[in-house]
Each structure stands twice: as structure tokens, then as C-alpha cells.
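First comes the structure, then the notes that go with it.
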Amino acid sequence: MKKISLKINLILTIAFLIGIYFFLSNVNILGDYWSRIVTLVAIYSIMAVSYTLVNGITGIFSLGQAGFIAIGAYTSALLTLSIQQKEMSFFIQPLIWPLNSIQIGFLPATIIGGLVAAFFAFLIGYPSLRLTGDYFAIATLAFAEIIRILIQNLYGVTNGTLGLKGINPYTNVWWAWSWLLVTVIVIGSLKYSSYGRALRAISEDPVAAKVMGIDVFRHQMMAFVISGFFAGVSGALYAHWITTLDPRPTSLGVMLTFYVLIMIVIGGLGSITGAILGAIFFAFVSQWLRIFESNITIFGFTIPGVPGMSMLILSVLFIIVMIFWRRGLMGKEELNWQKIYNFFKKVEVQNE
Amino acid sequence: MSENVLKIDGMTVRFGGLTAVDSFSMYINKGELIGLIGPNGAGKTTVFNAITGIYKPQSGRIFFKGIDITGQSPQLINQIGIARTFQNIRLFSDMSVIENVMVGQHSYFTNGKALKFLHKHNSEYPKPSWKPWLVSAILKMPSYLKVEKAMKDKAFELLKRMGLQKYADYKASSLPYGQQRKVEIARALATNPSLLILDEPAAGMNPHESEELLETVKEIMKEFSLTILLIEHDMKFVMNLCERIYVLDYGRLISHGSPYEVQNDKKVIEAYLGDEVYA
């Protein structure tokens, strides 16, 4: 098969980005509902790409992603909420100083949300990265749950179970997709650097990596903190997309971790493009499957809608994907023009 | 005066109640090629694991170039100059051959701790200077790209040295067994060792391959001015190659000397073939 040269690769990539740009600038044609979904796709993609850095590339099985997303969401929301809105929402217990008297812009709030999440990733990673395998997964799961329960009970900071309301809907298509671009560039660049090689080596054989002079703990920590930062950013975008936050397990709790896990497992653990494909798949399919939750009429028969039905069907789909693509859609590989070219060449050959 | 590259003083390694290595002592001079032999389960690999920091010995000291390295982490021990291969090949099987070798060079970016350790023990070693390598790696800054290119060139050079250049872009796991062993040696060499530890380098090779490897080991030893310690079951390999041999049995040193001396040591023969009474 023909090999695609670097020049053509570059041209195709630029063309692709321009295509995305035109798609996004005309996304309003699809209507408000779909343009919101397109934004959500980018937010999910950031969650998935940051998660795949830890679970795929570094190969440590963390279940704490939702905790970092929640921290980013709450931090940024508390920073951008107007002072009047804060006074109105916090009626059980007033918001503590300095948070009650500041309001900053969306971009700094997002970055601070990411940094706070990264700081928590450091605090959580420091003790729990001494564990390996399933023990690490359980520890991070527990830490994420601790974060959620703290949010639920710290009325003076997070407004507890009442949640935050009236968050400015700053997140639009451009914010979300620009942050996605930043995420992909940073994590992609990391993956294809010497550090990325070290991370992949750790994921395959930590003992051999150590003996090759790689400080496994510090590299895992680095991946965990970078992942935490982008998880926090995605949380900030999510907060300003959905405009209300509450600490239920189904919104920012363990369910969210599992959703993101589904995305990256479908896409292929360790693949950045796979994570994005998984996020797109998840966002659209979970929207489409909503029809099963309302009444459906087929040939005069009415099938009553069952709440939660969409999740059931999604899990069946998930199992099917796992049967046919055992390593996810992309495995550890990235989708590139060469692969697309080869794919179409193959189809062409089969048709002839 | 010959300098001790490695010196082990009364090292004991226990796993629970089992004493795997019992007050074992040895020394290796610069430029020597030393063999460590013994029946299965004698504790040879445990000695290697203790030297490279994977196990911490319960008692005894390990010195590398006169610096006490007992209980240090494997990465630090590697960065100050001890590299090893594994008995059961442990390549990064999903990565390409050249990437495997380049992983061995990664510690160039992160060797601050090791340099500090060396500087603390001997001020002749340079003081570490910290550079934000991670940031320049993500931003692909020229300073990083330059190092990356040098790494790739060196990795390719090493592969060429081991006769593996045509496999550079192959997945490591797709190579035949004997070639994988060579990749492991190339990867170990990439870490710039002064002491190379080979754990059964010729295991699973046919006589022709193992003879070839014997030549390669001799050559790289001169080329990279290495000191080598190896475990090997292939007696022909060991007797031809090694200057001195240590024999372990049940975690104890039972014999030590030139190949000729060891071959004729009664204890060694007993360990391998059994006691005369039962024979």
C-alpha cells in the first residue's frame, strides 16, 4: 500500500481542521438542541482524552475521574457566579469569604478549576499511587466518593445538596472545541515524546521500566496530575454548559466515571483519537436512546417507556462492541490518514 | 591498581522464612567478565534482583564503584550505571524495537536524583542542573528535539551494533526469541551502563546463535568498556567467556575461582550431580 507523505498528511490535517471550523461556525443551522450536543461531544472528549492518559497510556486503572471533574466544575462555577446569585443560592449557610465577594471571567475560572483539580490529583495520587492494579482503582474510587460527599456536606462552600443554580451558560461550541484542541495537542504531544514512551513502557511492564531507569512513581504522578488538570477543565466547561450543579451520584458521582470509562474502552484504551470517537459515540447514542424512555407506538401497539431503558440498551451495545472489537475501536493505535487511506483501499479492492 | 566496580559484603535476602541468599560476598574488578552459576533455585536471579534494587537485602552491603547503593531504588541504581537484562524476556512488547531501545535513554531527562546522589558521595561528579524537560517535550522545543534526535540516532546505532537495524520498526513481540534477547541487551546498553548484568543471555538459543552471542558480548564489552556479570546455564558459554566464576547453591557461595578451578571443585560437582554416596 502507498505510504502517505508528511506533506499530504499536513495538508489533509489542515483541511480537516478547516472543515471542523466551518462545521462549528454553521452548527446553529442544526438547531439549538443539536448545537448543544455538539458542545457536549467536545466536553465528553476532553473528559475521555484526559482519562485515557491515565487508564490507557500509563496503564493505571483509576476510577477517580468524576472527582476531578466535580472539583473543576464546582471551583469554576463558584468563581464565575455573580455575587447576587451566590447570596440568593446560599440561604442555609452563607458562602465563606473570599468566594462570596469575587466574580472572575470564564477563562481564568476554567484554568483555576483545572489547577485545583490537578492539585487534588496530586494529593490523591501521592498516597494511592503506591498501590497497584485493582487496589489503586478501589482507592481512587473511594477518594472520588469522598470528594462527592464533601461537596454534599460542605454547605458553606458548595451549598451542599441544594447545589449551585444559575451558572452563566458561558460554554459554547467555541470554548468547548478550543479546549478540546488544547487537550489533544498537549496530551498527544506528551504521548509522542520521550515521556510518552516512558509512560507506555510503564503500562506494559513497570518492573522493566524501573530497571531501565524510569522513576515509575513520578511518571505515573505526572500523568495523573496532567489528567487531573484537563478533567478539571472539562468539569468547568460542563458546569457552564449544564448551568446547575448538584452532588448526586448520577450527575457528578461514580456514574460519570463509568460513562467516561465506557467512552475510552469503546474507543480503545490508550488511543487519543479512539477516546474522541468513543465520546462521540457515547454522546450521540445516549441521546438517540432516549426515545426508548418515552412511549413508542409500533403498528398500533404502544410500548410503554421505562425510565433507565436507554442505559440498558447502551450496555447491550457496549457488550456487542466488546465482543467484536476486543481492544476497542482503535486499540492502542491512533486514527490517521494512512489508516483511513488503507481502509478505503481495502474496500475498493473488495468491490472490484 | 584495579578498581572494584561492584562489591557485595555478606548479603542476605530472605522471603519470609526462606533464605534465598545467605551472606553472599563477591567483588568484580573493572573490565572483568564474571559468571554466576548454580543449580536451579540456587538464588542467582535473587542476587541480580538485589543488586539492581528490585529486592532489598535484609543484611549486608552492596557497593558500586565504592558507593553504597544498598536499598536504593532500581531507577537510581540504573541511572548511576548498572543495567540488566531479564531471564524471562521483559521487552515492552507493544512498542517497536527502536522505541524499546529509546526507553532506555529516557532517564537522560529525569536523572536529577541520581546525579545528586553521586555528587553527595563523590564531589567529582557534576552537580545536577534542572531543566524543564517536560514542558519542552510537550511544546516540542528545539532543545528537546535535538536530544530526541540524538537518542534516535544512538538507538539506531545500537541496533545496528546488535545486527537488528532491519527490525527497528517491528513490534518487539513479533521478533524471534533470540532477536528479542539481543534487543534487551541493546536496551540495557542504551542506559549507558558501566556494569552490565546478563541473566541467562543464551537461554533458548541454538548452539549457533549462542556462539554468535558470545562473540557479540565479547565485542561490546571492549567497545563500551563494560564490566559484565552474567548467569548462564550453558557451561560451554560460561567456561569460554568468564575470567572468574562464582558458584551458588542453596543461596550459599560454594566455590569461586577460574573456570578450571571451579570445574574441578568437588563441591561444585556435588551440587550439580549429587553426592558421591548416592551416585
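Structure values in brief
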| item | result |
| --- | --- |
| Residue within segment B:59-73 that is at positive phi and within 14 Å of chain A (Cβ to nearest Cβ) present | no |
| Unique residue being under 28 Å from A:TYR33 (Cβ atoms), exposed (fewer than 12 other Cβ atoms within 10 Å of the Cβ) and at pLDDT 80 or above when the list is A:ILE280, A:ILE320 | A:ILE320 |
| Residue match in segment A:222-243 (condition: outside any helix (DSSP H, G or I) and either more than 14 Å from every other protein chain (Cβ to nearest Cβ) or crowded, with 24+ Cβ neighbours inside 10 Å (or both)) | yes |
| Qualifying helices (runs of 4 or more DSSP H) (wholly inside segment B:160-279; at least 3 residues being hydrophobic (A, V, I, L, M, F, W, C)) | B:177-190, B:207-223, B:235-241, B:266-273 |
| Given (1) assigned to a loop (DSSP other than H, G, I, E, B); (2) within 14 Å of chain A (Cβ to nearest Cβ), number of the condition B:ASN49 does not satisfy | (1) |
| Selection count, segment B:146-158, where residues are within 13 Å of chain A (Cβ to nearest Cβ) and exposed (fewer than 13 other Cβ atoms within 10 Å of the Cβ) | 3 |
| Top-ranked residue of segment B:218-259 - restricted to ones that are buried (at least 22 other Cβ atoms within 10 Å of the Cβ) and of a type in the set (Ser, Thr, Tyr), ranked as nearest to B:MET162 (Cα to Cα) | B:THR227 |
| Condition met for B:LEU159 (closer than 27 Å to B:TYR272 by Cα, at pLDDT 90 or above and not basic (Lys, Arg)) | no |
| Helices (runs of 4 or more DSSP H) completely within segment A:1-116 that count 1 or more residues being touching a Phe, Trp or Tyr at 6+ places or on another chain (Cβ under 8 Å) | A:6-25, A:32-52, A:65-80 |
| Selected residue (only one of A:GLY268, A:GLY331 is on the phi > 0 side of the Ramachandran plot and at pLDDT below 85) | A:GLY331 |
| Count - residues of segment A:117-132 that are in contact with a Phe, Trp or Tyr (Cβ under 7 Å, 6 or more places away or on another chain) and of a type outside the set (S, T, N, Q) | 7 |
| Number of the exception - B:LEU115 against (1) touching a helix residue (DSSP H, G or I) at 6+ places or on another chain (Cβ under 7 Å); (2) of a type in the set (A, V, I, L, M); (3) closer than 28 Å to B:GLU3 by Cβ; (4) surrounded by fewer than 24 Cβ atoms within 10 Å (Cβ to Cβ) | (1) |
| Filter pass, A:LEU24 being at pLDDT 90 or above and touching a helix residue (DSSP H, G or I) at 6+ places or on another chain (Cβ under 6 Å) | no |
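So that you can scan it fast, the table gives a plain yes or no per residue for (1) closer than 30 Å to B:ASP265 by Cα; (2) surrounded by fewer than 20 Cβ atoms within 10 Å (Cβ to Cβ):
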| residue | (1), (2) |
| --- | --- |
| B:ASN4 | yes, yes |
| B:PHE15 | yes, yes |
| B:ALA20 | yes, no |
| B:TYR27 | yes, yes |
| B:ASN40 | yes, yes |
| B:VAL47 | yes, no |
| B:ASN78 | no, no |
| B:ASN100 | no, no |
| B:VAL103 | no, no |
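The values are calculated or read from the model by the stated rules, or taken from the named source; none is laboratory data. Everything quoted here is computed from the prediction, not taken from an experiment. With ideal geometry, Cβ positions are generated from the backbone for all residues, glycine too; neighbour counts draw on all protein chains shown.
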